[in-house]
1. Go through region 392-437 and give me each residue that's outside any helix (DSSP H, G or I) and away from ligand 1 (no atom under 16 Å from the Cβ).
2. Give 293, 241 a once-over and let me know the one that is hydrophobic (A, V, I, L, M, F, W, C), away from ligand 2 (no atom under 16 Å from the Cβ) and in the same structural domain as residue 341 (by TED's automatic domain parsing).
3. Residues that are in contact with a Pro (Cβ under 8 Å, 6 or more places away or on another chain): which strands (runs of 3 or more DSSP E) entirely in region 175-279 hold 2 or more of them?
4. State yes or no: is residue 483 in contact with a strand residue (DSSP E or B) (Cβ under 8 Å, 6 or more places away or on another chain) and more than 16 Å from ligand 2 (Cβ to nearest atom)?
5. State whether one or more residues within region 235-244 are touching a Phe, Trp or Tyr at 6+ places or on another chain (Cβ under 8 Å) and in contact (Cβ under 8 Å) with a residue 40 or more places away in the chain.
6. Checking residue 312 against (1) over 30 Å from residue 167 (Cα atoms); (2) assigned to a loop (DSSP other than H, G, I, E, B); (3) of a type outside the set (Phe, Trp, Tyr), only one condition comes out false. Which one?
7. Name the residues in region 353-391 that are within 16 Å of ligand 2 (Cβ to nearest atom) and either part of a loop (DSSP other than H, G, I, E, B) or more than 17 Å from residue 433 (Cβ to Cβ) (or both), would you?
8. Just to be sure, is residue 451 within 14 Å of ligand 2 (Cβ to nearest atom) and closer than 20 Å to residue 527 by Cα?
Amino acid sequence: MSFTIHGVGVSAGIAIGHSRLISHALLEVAHYQIVPDLVAEEVLRFEDAVQSVKQDLVDIRRGLSKTAPAEMGAFIDTHLMILADSSLSETPKKIIRSESCNAEWALKQQLDSIVAQFEEIEDDYLRERKSDVVQVVERVIKALLGHPNQPALAEQESGMILVAHDLSPADAIQFKQHQFAAFITDVGGATSHTAILARSLNIPSIVALQHARNLIRDGELIIVDGQQGVVIVDPDKDTLAEYRLRQEQWELEQQKLKRIKQTPAVTLDGAAVELHANIEIPSDVAQTWASGATGIGLYRTEFLFMNRRDWPSEEEQFDAYRRVVEAMKGLPVTIRTLDIGADKQFDTNTIRTSTNPALGLRAIRFCLSEPQIFHAQLRAIYRASHYGQIKLLIPMLCTLSELRQTLLAIERVKDSLRADNIPFDATLPIGGMIEIPAAAIGAEAFAKHLDFLSIGTNDLIQYTLAIDRTDDTVAYLHNPLHPAVLQLVELTIRAANKAGKPVSVCGEMAGDIKLTRMLLGFGLRQFSMHPAHILAVKRQVLNTDLPKLEKQIRSILASQEPDKTEKLLAKLNA
Ligand code: PEP
Ligand code: MG
């Protein structure tokens, strides 16, 4: 039966493909009693499920292509061994009999007890095996629930639509290596880091779909319209034909945009604009080149610190930064120091938990409290500066005192490099992110002490409007056109321009073509965004005549009503 679900589109484009549910079968486990006469049958149902999972795994093992990584075979063997272990294949049967409960519940009880035992283990490697046990149990539970188990991820993901309840930024970074056609989740806000990463996969993505993961079954045909934030499940023939046409038109449009890749971004009245790329990992440089970006305006280094149990060494970081800088062949690379905390967490246990992590020990606050980690990163960045044009960007500045402490830490790094006779760029520009309202209000003072400013509108909106950017229940309040947000953005741009310091916007507002003209009208001449948006933003720049917009810009800034601002903006873009 065909039905439609609405969410928040975070990356445009249309995808048509089959759903790939990311396993959360454990969340679906119900608990019910089995009448004594049917207990034997329930045990048989469990045995059948185990047998069918075993068969699936054997089939996958047999069907592995020659080019599949060697670890894949070993990984499946491990899962077969776990499945055969009596703690999973026998003990749940005893629980079904003794508690007269359903098979899923019995298996879940047994899993909880195994997981608790794993948590006691000192050895990291063995403790890690816990996730293998969980994955095997999920397969059995899926079989019990009648969900077909799919072959292992890497074998089948191409062209599939990833459906998840939620994904952490750490999960999403792993999916970067796969080739899904689209990405949809039940929860998440438009500027959550997961959404940003989804966008950086450059495929249609929708978040905040509420119950999509429960409503969609594995392997169902679905249409994802990332522009409208709409998912159509099991579409009829006419809808499918219509969306195939729209998909072709979208792709044609993307092809057309490529023609302006080499064209300099200059407005009709001659104002030159820099369009830079935001990247997360060194391999994003390829997409940066393909977009025609004239530099990297934000390299989010924290992803180097995730999905691992140790800290990356200075050497490892140096290697990553140097690779990016060299690959950019002399174009500027703005490296942001570690912005960890809030929704971007480490696997290491060093971070203290907080009831309000977004207001806690995040970004520069964390770095100043961990001088050794900060020192290693700064040394790696300065060492890489010898190989290209690096700018250093400090996230989440709130007070001048934080800035002074950071500058001192930088001086110590420079001294240590001089002592070690290691070359570096001593004039490397140092900039600060304006993403806390206090910093925007104090932008003039920050501009005086820094070489450039960069406005992080994702956090600026979060902190100005008091809405957690990861919380879908308040996603409806997210509004870049809120008068307070616009005034803080304009104030910061004005302060930087007055001080003669470059200023850019590197939050998601920079990549939204509806906002390009308005930001140009505010005096912005540098935008940094996901590479996928650069050409569309460039087209807006090329079609903008700034002197003609002045009056409308004043009206937008004077407007106190987001609805009215929306109308004024539509006129501005007409
Ligand atoms: C921002 O807050 O706008 C920003 C660019 O930083 P991040 O999204 O990584 O927090
Ligand atoms: Mg931020």
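The values are calculated or read from the model by the stated rules, or taken from the named source; none is laboratory data. Bear in mind the structure is a predicted one, so any value in this text is a computation, not a measurement. Glycine also receives a Cβ, built like all others from the backbone with ideal geometry; neighbour counts cover every protein chain displayed.
1. Within region 392-437, 399, 420, 421, 422, 423, 424, 425, 426, 427, 428, 429, 430 meet the criteria.
2. Matching residue, one of 293, 241: 293.
3. Where strands (runs of 3 or more DSSP E) fall fully within region 175-279 and carry at least 2 residues being in contact with a Pro (Cβ under 8 Å, 6 or more places away or on another chain), they are 182-185, 221-225, 274-279.
4. Spelling it out, it is not the case that residue 483 is in contact with a strand residue (DSSP E or B) (Cβ under 8 Å, 6 or more places away or on another chain) and more than 16 Å from ligand 2 (Cβ to nearest atom).
5. The answer is yes, given that some residue of region 235-244 is touching a Phe, Trp or Tyr at 6+ places or on another chain (Cβ under 8 Å) and in contact (Cβ under 8 Å) with a residue 40 or more places away in the chain.
6. (1)
7. Across region 353-391, the qualifying residues are 356, 357, 360, 361, 362.
8. Answer is no for this residue.
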